[in-house]
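Colleague: Before we start, here is the structure in question, set down as structure tokens.
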Amino acid sequence: MTEKNTPLLDELEKGKWPSFVTEIKRAAVKSEAAGELLQVLERSYKERRGHWKHGGIVGVRGYGGGVIGRYVDEPQTYPNVAEFHTVRLLQPSGWFYNTKTLRTVCDIWEKYGSGLTNMHGSTGDIILLGCKTEHIQPIFDEFSDAGFDLGGSGSCLRTPNCCVGPGRCEHACYDTLEACYNITNEFMDELHRPMWPYKSKIKFSGCANDCTSSIARSDCSVIGTWRDTLRIDQEAVKEYAAKINIKAAVCDKCPTSCLTFNAETQELSVVGEDCTRCMHCINVMPKAIQPGKEKGATILIGGKSTIVQSAFMSWVIVPFMKMEAEDDFAEFKDLMRRIWEWWDEHGKSRERIGETIYRLGMTKFLNGIEVAPVPQMVFRPRANPYVFWNQDDLDRSGTALDGSKL
Amino acid sequence: MAILDQGPPHYKKMLPPIVQENYGKWKYHEIPSPGVLKHVGESGAALYSVRVGTPRLVSIDFIRDVCVIADEYCDGFLRWTTRNNVEFLVSDEAKLKPLLEKLEAEGYSVGGTGRSVSNIVHTQGWVHCHTPATDASGVVKAVMDDLYEYFNTMKLPAKLKMGLACCLNMCGAAHCSDIAIVGVHRTPPRINHEVIRKGTEIPSLVASCPTGAIRPDPKNKSVIVNEDKCMYCGNCYTMSPAMEIYDPKNDGIAILIGGKTSNARTSPSFSRMVIPFLPNTAPRWPETTEAIRKIIELWIANANDGERVGEWVERIGWERFFTLAELPFSDMLIDDYIFSRETFRTSAQFKY
Amino acid sequence: MVFKMARGPADPEVKAKVLEYLGKVQKAKSRDVAVAIGASKSDVDNAVKELTAEDLVEYLYITTTFICLKGKVQTPD
Ligand code: HEM
Ligand code: HEM
Ligand code: HEM
Ligand code: SF4
Ligand code: SF4
Ligand code: SF4
Ligand code: SF4
């Protein structure tokens, strides 16, 4: 065990917020690699630079991802972290756990790895931080026996994730936990064997509060919504009226001004066709207002972070789709297959689907995936007349109105 | 033999009985005290979730510790949130108070609900990534220590969601946060021609650059970087360790604000840059913590009830924000990348 | 190796051609392999899936995913 000092990192054990330095030190009691990680990190703090190198090779038989190669830049000085790879494990939907399962993760990881984890990575996986190349296969084999599987990495479907949904949220408009589980299982090939131009992510949020930030963080955002009108329980409205200023806190903040509170009758009314289903009123008055009865999801495409063509937020391609476990989410799966096929055919290497659509045009994309255009897809129509008309639809006979040749 | 493609563990095995019984039948929720959510089902059943902050980078000892607590107070069930908090799921109300006392005694941080600052979604940084321009965990620790009073109370105008990404790849979805901390490199890679000649595959290296800044240099058996085109993303370093992107004196942090991903009231929006650069003053980044605190205090003093940072700034106007915040405005804050034009003011209306 | 055989077994002829092509290059994207050997990409992907399980081919992630013969491209040092 290295017994060197870490004066800079020790500064980060002070203060009230839980300290990652303390966590690395705890792991270092049992793991020499974790001890050396601390040394490398102290050096980074002193020199203000990183000391890790990227590595390409993933070592599990039959898979093209799930392990990310990581090497320290001075292996002679830090032999225990010369190889310090990341293993991604598929998390259970909604990050619910029983303690038995968590202890299994700990036991296997204690045997082979640094004892350090991220609960969880930004994509959603359980992240096991730091193991040697020779241990990758045994780690996988043991986790596999214990009922776990690897998550995605590389140019593949990355690990889908979802909000807590019907597990503990009154707002959920579809079963996000089941959708995530079922759809992840459906696309195991796409997840484990990278075959696309670049990575692709799906996130499932049960309503427009979008707790998974799917619109910003996933190529395909599945956001719960309803098709009819939200439901108001007037008795519960009266209870709220005694506690909050409904006009100020709810009606005045409704973006479409479609809510009216009648102070005399103490009743709240909504102009259903004007409501854009933003969730604000429901968030403030969950006991009194709930989504309509016809529930499903809006499907949006194209979200991604800044690299390369700027950050994109996903945009609407299907305003309303039923998301039912009973029909096995068939419509959604079918749509995703068409979308990926189009992207796989037209996308350039390292181009996210949003960028491919932007480069080639929404029209080509919609035609390619056979989805009809609807006004819900855009904030407003185009401001220029430069339409690429489909010439096959036009009279190209080259004749004037009287039939003479032009 | 290992089974391939068996998928994630089934979530149903992870749900406490009260969740199974009330699945999809929750009626409403309240926040009885900071860090405690009370979800009530149509049946009248109540589930208490106690939210505890974690550093995200945790040891298996930490996981085992929270398992012991979950066994004692939650019949062995707990969950994690998207923002790396742990939630203890208490179905027996009698156990709530003892749990809170236990957590207090053991020094856990309970909070992050409602009008508070929740845990900062963040990335790997110097701990484990190859292209970071700053650390992730350390900056988060310093900022959360400073903002702790807003984590375990609910006295902000609205919720505050923060993100940190340690390089331009922005793994951490910082681009749509109320306040985003982004690590920035500011100098092009230094080329180690020796290392390139020893075996870097030049076509792959050239192809790795998103802006086409790298050209082969056949005479030298190496490459040339067109410095005007380089946006310091570090992708080339991923491809070859010969392209050293780190630069201790010039790497640092940019602050962006006003993004959100929820649709409530206003549409989701991107965070916008308000401070182009702060130095990497490890180990506690005082310039960064101070800059963030100032912005938050300004927001508290000026926002209407329930207004998120971005809603507030959009209401008063960004030009007004810069005046109030006494932040210098510079050409670095005017977009000159691909979709810049939408940010130019095509109107004669503005404030000072 | 136990698979959930979603697509059915791969075409042995395609597998042979993939191996032959990968023998000639350092590494390749599966789309390029498909074009080079005149097979459909999904057939190549399916063949690669079996070849990786048989330990003959492996995936590489160097800013994007490539395939190569097992052991052909060395880890950086
Ligand atoms: C060429 C560009 C990129 C490269 C080379 C890259 C590389 C990496 C690497 C090596 C990791 C693993 C870090 C570790 O665990 O040690 C990682 C994680 C991740 N990347 Fe990227 N990345 C790139 C672009 C992006 C982009 C554009 C996004 C988002 C839209 C993104 C999202 C993520 C996320 C969410 C993680 C998980 C981070 C975490 O768990 O903290 N990456 N990336
Ligand atoms: C192929 C496309 C177009 C051509 C060839 C064209 C051509 C012209 C011409 C020749 C003029 C008259 C300039 C003058 O007064 O000397 C003009 C004026 C104008 N055009 Fe266009 N234009 C096109 C598209 C558009 C579009 C798409 C818009 C708006 C969305 C637009 C908006 C205007 C406006 C506002 C004026 C000024 C009218 C005024 O004097 O009040 N044009 N355009
Ligand atoms: C007034 C509006 C909102 C209400 C009432 C609300 C309600 C909630 C509730 C009840 C949870 C807990 C869900 C669970 O059981 O895990 C939650 C979590 C969350 N919410 Fe919201 N939400 C609102 C707005 C937003 C917005 C605007 C965002 C993002 C920009 C957001 C992001 C999140 C995230 C990321 C979580 C995950 C849990 C965590 O923070 O630890 N929420 N929200
Ligand atoms: S996205 Fe909606 S349904 Fe899902 S947890 Fe958040 S508020 Fe609940
Ligand atoms: S959901 Fe939003 S738009 Fe609809 S009534 Fe409520 S506040 Fe208004
Ligand atoms: S943001 Fe950049 S440096 Fe940070 S983990 Fe992601 S790729 Fe690595
Ligand atoms: S840092 Fe990025 S933009 Fe600059 S040369 Fe390298 S790959 Fe190209």
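Values in this text are rule-based calculations from the coordinates and carry no lab data. This structure is a prediction, so every number in the text was calculated from the model and none was measured. Every residue, glycine as well, gets a Cβ built from its backbone with ideal geometry; the counts of neighbours run over all protein chains shown.
Colleague: Normalising by the residue count of chain A, find the relative contact order in percent from Cα pairs under 8 Å and 6+ residues apart.
Modeller: Relative contact order here is 11 percent.
Colleague: According to the square roots a ≥ b ≥ c of the eigenvalues of the Cα gyration tensor, what is the shape class of the range A:7-145, taking rounded for a/c under 1.5, prolate for a/b larger than b/c otherwise, and oblate for the remainder?
Modeller: Judged from the Cα gyration tensor, the range A:7-145 comes out oblate (a/c at least 1.5, b/c at or above a/b).
Colleague: I've got another one for you. Over the Cα atoms of chain A, what is the Rg over Rh ratio if Rh follows Kirkwood?
Modeller: So for chain A, dividing Rg by the Kirkwood Rh gives 1.07.
Colleague: Okay, next question. How large is ³J(HN,Hα) for each residue in the range B:87-96, as worked out from phi by the Karplus curve 6.51 cos²θ - 1.76 cosθ + 1.60 (θ = phi - 60°), to whole Hz, x for Gly and Pro?
Modeller: With the stated coefficients, the range B:87-96 comes to 10, 7, 9, 9, 9, 9, 3, 4, 8, 5 Hz.
Colleague: Exceeding 32 Å between C-alpha atoms, which entries from my cross-link table qualify? They are A:201/B:97; B:13/B:102; A:238/B:102; A:287/B:141; A:238/A:295.
Modeller: Result: A:201/B:97; A:238/B:102; A:287/B:141 exceed 32 Å.
Colleague: To the nearest 500 deg cm²/dmol, what mean residue ellipticity at 222 nm is calculated for chain B from DSSP H runs of n ≥ 4 alone, each contributing -39,500 (n - 2.57), summed and divided by the residues?
Modeller: Calculated at 222 nm, the ellipticity per residue is -7500 deg cm²/dmol.
Colleague: Still on this structure, please answer the following. Please sort by residue number the GluC sites (Glu not before Pro) in the range A:264-356 whose DSSP state is loop and whose Cβ has at most 16 other Cβ atoms within 10 Å.
Modeller: A:264, A:294, A:326
Colleague: Report the FRET efficiency, 1/(1 + (r/R0)^6), for residue A:364 and residue B:72, where r is their Cβ-Cβ distance and R0 is 56 Å, rounded to 0.05.
Modeller: 0.45
Colleague: Taking loop as defined by DSSP and a crowding limit of 11 other beta carbons within 10 Å, which trypsin sites (Lys or Arg not before Pro) in the range A:357-406 fit?
Modeller: Listed in order of number, the matching sites are A:382, A:396.
Colleague: Another one. Does chain B come out rounded, prolate or oblate, given a ≥ b ≥ c as the square roots of the eigenvalues of its C-alpha gyration tensor, rounded meaning a/c under 1.5 and, failing that, prolate meaning a/b above b/c?
Modeller: The shape class here is oblate.
Colleague: What order do you get for B:130, A:280 when you list them from fewest to most C-beta neighbours inside 10 Å?
Modeller: Taking fewest neighbouring Cβ atoms as first place, the list is B:130, A:280.
Colleague: Report the relative contact order of chain B, percent, no decimals, based on alpha-carbon pairs under 8 angstrom and at least 6 residues apart.
Modeller: Dividing the mean separation by the residue count of chain B yields 12 percent.
Colleague: GNM on chain B, C-alpha springs below 10 Å: top fluctuator among B:322, B:62, B:270?
Modeller: Result: B:62 has the largest fluctuation of those listed.
Colleague: Out of B:240, B:137, B:116, any idea which swings most in a Gaussian network model of chain B, alpha carbons joined below 10 Å?
Modeller: Of the options given, B:240 has the highest mean-square fluctuation.
Colleague: Using DSSP to define loop residues, name the GluC sites (Glu not before Pro) in the range A:1-106 whose beta-carbon has at most 16 other beta-carbon atoms within 10 Å.
Modeller: Counting only loop positions with at most 16 other Cβ atoms within 10 Å, the GluC sites (Glu not before Pro) in the range A:1-106 are A:3.
Colleague: A further question follows. Please report the equivalent ellipsoid semi-axes of the protein assembly as shown, computed as sqrt(5 x eigenvalue) of the Cα gyration tensor, largest first, in whole Å.
Modeller: 39, 35, 29
Colleague: Can you list the residues, at least 5 places off or on another chain, whose amide H is less than 5 Å from the amide H of residue A:150, using H built in the peptide plane?
Modeller: Placed amide hydrogens put A:90 under 5 Å from residue A:150.
Colleague: Can you pull the mean other chain C-beta count within 10 Å for peptide B:17-28?
Modeller: 5
Colleague: When A:200, A:31 are ordered from fewest to most other Cβ atoms inside 10 Å of their Cβ, what list results?
Modeller: A:31, A:200
Colleague: Label the range C:12-69 by shape, choosing from rounded, prolate and oblate, from the square roots a ≥ b ≥ c of the eigenvalues of the Cα gyration tensor; if a/c is under 1.5 it is rounded, and otherwise prolate applies when a/b is larger than b/c, oblate when it is not.
Modeller: rounded
Colleague: Check residue B:171: other-chain or 5+ apart residues with amide H under 5 Å from its amide H, H built from backbone geometry?
Modeller: B:166
Colleague: Which whole number gives the average count of other chain Cβ atoms within 10 Å of the Cβ atoms across peptide C:31-43?
Modeller: The mean count of partner-chain Cβ atoms within 10 Å per residue comes to 1.
Colleague: Using only Cα atoms, locate the centre of the range A:295-332 and the centre of the range B:106-146, then give the distance between them in Å, rounded to an integer.
Modeller: Answer, in whole Å: 29.
Colleague: I would also like to ask the following. If each residue of separation counts as 0.36 nm, what is the full-extension length gain between residue A:327 and residue A:245 once their alpha-carbon separation is subtracted?
Modeller: In short, 25.2 nm is gained.
Colleague: Here is a follow-up. Using just the helices of chain A, give the 222 nm mean residue ellipticity in deg cm²/dmol: DSSP H runs with n ≥ 4 each add -39,500 (n - 2.57), and the total is spread over all residues, rounded to 500.
Modeller: Rounded to the nearest 500, it is -9000 deg cm²/dmol.
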